[in-house]
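**Student:** There's a structure below that I have some questions on.
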Amino acid sequence: GIDPLTHFSFKMGGFLEYKTFITQEMLKKGYLASNAFYASFAHTEEIIDMYIDALDDVFSKIQLIRAKGESVINYLEGPVCQAGFQRLN
């Protein structure tokens with residue numbers, strides 16, 4: 001069968017910070033996104049291409065941040081996301 005879930009991770013420290021940055025920047029582009037993509041029959045090739053273009057732009061921003069030797073955490077506009085499900089209070 002086909003797995004409708006595709007995901008990615010980073011081979012460096014600060015995974016949750018990068019995941020948060022991706023979500024933050026993709027929301028600005030109109031996508032609720034993370035490090036996972038849930039495919040649907042409603043996704044046309046055009047929709048997937050637009051999503052990939054938006055994600056590529058976010059990856060380019062990450063590359064620029066890292067090229068400057070800066071931490072992505074300096075570019076977060078809110079708190080870092082939580083890992084897994086846990087009580088927040």
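**Student:** Which one of Phe41, Gln63, Ile73 has its Cα pushed farthest toward the positive end of the charge dipole of the chain, where Lys and Arg give +1 and Asp and Glu give -1 at the Cβ?
**Tutor:** My answer, from the dipole projection, is Ile73.
**Student:** Check Phe37: other-chain or 5+ apart residues with amide H under 5 Å from its amide H, H built from backbone geometry?
**Tutor:** Thr6, His7
**Student:** Okay, next question. Please check the chain for the longest run free of GluC sites (Glu not before Pro) that are loop-located per DSSP (anything but H, G, I, E, B) and have at most 11 other Cβ atoms within 10 Å.
**Tutor:** Values: sites that count: Glu70, Glu77.
Between the exposed loop sites, the longest stretch runs 1-69.
**Student:** Compute the signed sum of charges (Lys and Arg +1, Asp and Glu -1) over the other residues within less than 14 Å, Cβ to Cβ, of Cys81.
**Tutor:** Values: positive: Lys19; negative: Glu17, Glu25, Glu77.
Net local charge, Cys81 excluded: -2.
**Student:** Taking only the alpha carbons of the chain, what extent do you get along each of the three principal axes, in Å, biggest first?
**Tutor:** So the extents along the principal axes, rounded to whole Å, are 38, 35, 25.
Bear in mind these aren't lab numbers, they're just calculated from the coordinates by the rules spelled out. Model, not experiment: these values are computed from the prediction. Neighbour counts run over all protein chains shown; Cβ positions are idealised from the backbone, glycine included.
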